[in-house]
Structure formats: structure tokens, C-alpha cells
1. At pLDDT 95 or above, surrounded by 14 or more Cβ atoms within 10 Å (Cβ to Cβ) and not hydroxyl-bearing (Ser, Thr, Tyr): is that true of Val94 in this structure?
2. Looking at (1) assigned to a helix (DSSP H, G or I); (2) farther than 25 Å from Ser114 by Cα, can you tell me which one Gly18 breaks?
3. Yes or no: Val101 within 20 Å of Thr142 (Cα to Cα) and modelled with pLDDT of 90 or more?
4. Mind listing whichever residues of segment 63-87 are surrounded by fewer than 17 Cβ atoms within 10 Å (Cβ to Cβ) and in a helix (DSSP H, G or I)?
Amino acid sequence: MGAGLAYAVLKLPAEAPGLSKTVADNIDMSGVDNPVTAVVVNFRGYDTLLEMAVLLLALLVVWSLGSEPQRRELAPGEVLVYLTGLLVPLLILVAGYLLWVGAVAPGGAFQAGSVLAAAGLLLVLSGWRFGARFSGLSLRITVVGGLAVFVLAGLAMMLHGGRFLEYPIAYAGALILVIEAAATLSIGLILVALFLGGRPSPDQSPGSRPESRAEK
């Protein structure tokens, strides 16, 4: 397999024609200035829509296996607690920046969602858990929201006489921002929920501190 992959790479043309010129010629119709975002959310929006569906399906499969495993964890160390308090707000700001800058430079929903998930994982590692307020309807709405907004935006275009996911030029930029904002929240929360390994248990209160060594 390695030899086959090496052969395929060596046989690649030095300059592949690709679709870069086509994208550059139609970038004004996309509503954004970043060609990657234009392709991912506009020109080939179906691909991103299916990626969101696959990510959500993976979470539903994990949740179908049972509740989040109950673990007896030690209290986090002072270094982890300090870093969590320092980095989580910074990561949230970085995620917001990546979401916003995706229209004109490298960034977008998946990058922002991954950074947001990193903030969530830091909280989880420092002892935070989904509680009753976060494991019910609000959690389900958030994880489904990214895909739902994507689909609703496409259906809205059909109701206005267009085709599915064919955005009007005048509103393309605003629609892409709304879709990517919803996708960022969904991606971040889905990745954190996958890390937990099961359905969040409502009997765990958010922010509850694991037992210390002395208490154990």
C-alpha cells in the first residue's frame, strides 16, 4: 500500500489544472473573499452539509451505546485549574476570530469549532461535566443546530424560487456567516460530547469538583 501511494504521488502532474481559476472567476458571486470558504459553504455546500450530518450521526451512535461512564476522578491540580482559567477565555476569543475571519482569510466553522472544542476539553479535564441544565433539550438543539440551519437555509432558497443551497448574491455573505456560526457551536459541542464517550448523565452537576485524594 505504501508503494502504491508513493507511486501515485510521484505520478502527479507538476501543475494540476484544478478548479482554482474557476473559483477565482466566480468569487464575487460567493459572498466571501476567501476561496476555501467559498468552495466549502457555497460552491460545494453539499459536501459540508454531509460532513455535518456524518459528525452528528457519529455522536448519535455513541449516545445510543449508553450513558457517559461514571469515573472516580481525582481533583485537578492547581496548574491545570490555572491554565484552564487562563486559556478557556482565550480559546473562545480565537474561535470567534477564526469564525469571523473565515470570509476573507483561512478560518471558518470547522477550525473555530475545533478550537472551541479544545476549550471544552480543558473544562472537562479540570472536572466540569454536563449537568441537568446542559444534558436535556438545550444540548440536543445545539448539536443539531448546525445541520438544521444549513438545511433550513437551503430550503429557504427553494421557497424563493432558487435551488437548494443557491444563495442570492446580495445575501450570500450574511447567510454563510449564520450557517458557520451555528456550525461552530455544533462542531465544538459534538467533539466534546464524543470525548465523554456516552450520553451526558443528568445527575452530574456542572462544575462539580471530583473527590480529592484525601476524601478518597
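The values are calculated or read from the model by the stated rules, or taken from the named source; none is laboratory data. It should be emphasised that the depicted structure is a prediction, and the values quoted were computed from it without experimental measurement. No Cβ is skipped: glycine too gets one built from the backbone with ideal geometry, and neighbour counts run over all protein chains shown.
1. yes
2. Exception for Gly18: condition (1).
3. no
4. Within segment 63-87, Ser64, Glu78, Val79, Leu80, Val81, Tyr82, Leu83, Gly85, Leu86, Leu87 qualify.
Listed here are the residues, each with its yes/no results for (1) among the hydrophobic types (A, V, I, L, M, F, W, C); (2) modelled with pLDDT of 90 or more; (3) farther than 17 Å from Val149 by Cα.
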residue: Met1; (1), (2), (3): yes, yes, yes
residue: Tyr7; (1), (2), (3): no, yes, yes
residue: Glu15; (1), (2), (3): no, no, yes
residue: Leu56; (1), (2), (3): yes, yes, no
residue: Leu59; (1), (2), (3): yes, yes, yes
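Yes/no matrix, rows are residues, columns are (1) in a helix (DSSP H, G or I); (2) out of contact with any Ser or Thr (no Cβ under 9 Å at 6 or more places or on another chain); (3) in contact (Cβ under 8 Å) with a residue 12 or more places away in the chain:
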residue: Gly96; (1), (2), (3): yes, no, yes
residue: Ala117; (1), (2), (3): yes, yes, yes
residue: Leu121; (1), (2), (3): yes, yes, yes
residue: Trp128; (1), (2), (3): no, no, yes
residue: Val143; (1), (2), (3): yes, no, yes
residue: Ala153; (1), (2), (3): yes, yes, yes
residue: Met158; (1), (2), (3): yes, yes, no
residue: Pro168; (1), (2), (3): no, yes, no
residue: Leu175; (1), (2), (3): yes, yes, yes
